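Inspection log for the structure reproduced underneath, given as structure tokens.
Values in this text are rule-based calculations from the coordinates and carry no lab data. Please read these numbers as outputs of a predicted model, since none were measured by experiment. Cβ coordinates were reconstructed from backbone atoms using ideal geometry, including for glycine residues, and neighbour counts include every protein chain displayed.
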Amino acid sequence: MEHIEAWKPIVAAVHAKGALFFCQIWHVGRVSTFELQPGGAAPLSSTEKGVGPQISFDGHREEFSPPRRLTVEEIPAIVDDFRKAARNAIDAGFDGVEIHGANGYIIEQFLKDSANDRADEYGGTLENRCRFALEVVDAVVKEVGGRRVGIRLSPFTDYMDCHDSDPHSLALYMSTKLNDHDILYIHMIEPRMAIVDGRRVVPKRLLPYREAFKGTFIANGGYDREEGGKVVTEGYTDLVAFGRLFLANPDLPKRFEVGAELNKYDRTTFYTSDPVVGYTDYPFLE
């Protein structure tokens with residue numbers, strides 16, 4: 001209840017500017033430490049395989065604690081946590097929720113075969129590995145309605161030691177099965193950028209999944225104003241999401257609209273605990 005009440009004025013401020021506001025809900029799974037878990041317990045995951053040390057942009061070495069594999073009997077409680085989080089977000093006034101099924105966190109720890117080494121109904125086959133993700137989607141949709149639900153997926157990436165031997169089949173299966181739940185959108189990350197003639201180029205490999213999914217498709221990963229507008233006009237995607245550019249430009253839509261120069265982002269400030277530096281210190285256009 002405290003979190004719900006704390007979010008209400010923030011959501012109201014966003015709505016006052018005429019914007020829609022979705023809350024991304026997620027569970028980190030094994031990407032955690034004993035110190036951050038209730039009672040100092042092991043992080044929960046699909047597996048007992050841990051995540052290797054990660055080096056941040058500022059050179060900091062991050063280590064993670066060995067996870068504990070969830071039992072089949074424990075999984076429904078995690079699914080229900082997503083349901084409750086979705087309900088709390090809607091009660092706080094958010095227009096919807098985005099289920100975070102990407103970037104190496106718990107849903108992706110079930111989806112991808114590099115992390116999921118289970119021998120039960122949640123592991124092995126593609127269908128089994130996708131079971132947990134689809135159960136989460138089903139629970140959230142039943143709680144708040146499909147038109148208030150999106151999901152973020154990153155089948156081609158290897159964040160937090162999470163990669164898949166057949167990302168195309170994984171992406172196609174999820175894009176197709178999500179139609180059964182009538183969710184609002186899929187937000188999918190492009191494969192790694194390529195460098196051509198010294199310029200970053202978006203691979204544009206997401207078209208099969210955009211065609212398989214009947215809802216709104218959002219592409220993400222390395223786009224700028226020009227390339228983003230182009231892929232929408234060409235029908236490659238319905239919408240384009242921006243991350244790093246938005247961190248440095250709180251008025252990014254306005255800057256795109258008038259063709260204004262963008263603030264340069266500073267990667268070293270992306271994942272810090274400072275409440276100002278890298279978060280609220282970038283200037284507005286006006």
Cα-projected label distance for Val72 with Ile55, points at 7 Å along beta-carbon direction, nm: 4.3
Charge dipole of the chain about the Cα centre (unit charges at C-beta), most positive-ward option of Met1, Phe34, Gly259: Gly259
Karplus 3J(HN,Hα) series, Hz, for the range 20-30 with 6.51 cos²θ - 1.76 cosθ + 1.60 (x for Gly, Pro): 8, 9, 9, 9, 7, 10, 7, 9, 6, x, 6
Selected from Pro250, Pro167, Pro67 as most flexible by GNM, with the chain as the system and alpha-carbon contacts under 10 Å: Pro250
For the chain, calculated [θ]222 nm from helices alone, where every DSSP H run of n ≥ 4 adds -39500 (n - 2.57): -10000 deg cm²/dmol
Of Tyr236, Gly215, Ile90, farthest towards positive along the dipole that unit charges on Lys, Arg, Asp, Glu beta carbons give the chain: Tyr236
Degrees separating the helix 75-91 axis from the principal Cα axis of the chain, which is the longest one: 30
Positive minus negative residues near Ala85 (Lys, Arg vs Asp, Glu; Cβ under 12 Å): -2
Net charge dipole size for the chain [Lys, Arg +1 and Asp, Glu -1 on Cβ; Debye, nearest 20]: 440
Choice from Asp113, Asp158, Asp91 showing the highest fluctuation, given a GNM over the chain with Cα pairs closer than 10 Å: Asp91
Label-point separation in nm, Arg225 to Leu126, each point 7 Å along Cα→Cβ: 4.0
Estimated FRET transfer efficiency when R0 is 41 angstrom, pair Lys142-Glu261 (beta carbons, to 0.05): 0.35
Proximal aspartates and glutamates relative to Lys17, as straight alpha-carbon distance under 18 Å, when same-chain residues fewer than 8 apart are discounted: Asp95, Asp251, Glu257, Glu286
Cα-based reach from Lys230 at 26 Å (exclusive), listing lysines while leaving out same-chain residues under 8 positions away: Lys204, Lys214, Lys254, Lys264
Mean separation of Cα contacts under 8 Å, 6 or more apart, over the residue count of the range 2-241: relative contact order %: 15
Trypsin sites (Lys or Arg not before Pro) restricted to DSSP loop in the range 222-264 with at most 15 other C-beta within 10 Å: Lys264
Charge sum, other residues only, whose C-beta stays under 11 Å from Ala219's C-beta, Lys/Arg counted +1 and Asp/Glu -1: 0
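Give, as a single signed number, the net charge of other residues whose beta carbon lies under 11 Å from the beta carbon of Gly150, with Lys and Arg counted +1 and Asp and Glu -1. Each step should come with its number before you reach the end.
Numbers: positive: Arg147, Arg148, Arg152; negative: Asp95, Glu98.
Within the 11 Å Cβ shell, the charges total +1.
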Spatial extent of the chain: Rg and Dmax, with the Cα atoms as the point set, Å: 19.2, 57
Hits among lysines - C-alpha to C-alpha of Lys142 under 18 Å, sequence gap 8 or more where chains match: Lys84, Lys177
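Please find the FRET efficiency linking Lys8 to Lys84, where r is the Cβ-Cβ separation and R0 is fixed at 30 Å, and quote it to the nearest 0.05.
Numbers: r = 17 Å, r/R0 = 0.58.
With R0 = 30 Å, the Cβ-Cβ based efficiency is 0.95.
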Dipole-positive endmost among Gln109, Ala119, Ala139 within the range 98-148 (Cβ charges, Cα centre): Ala139
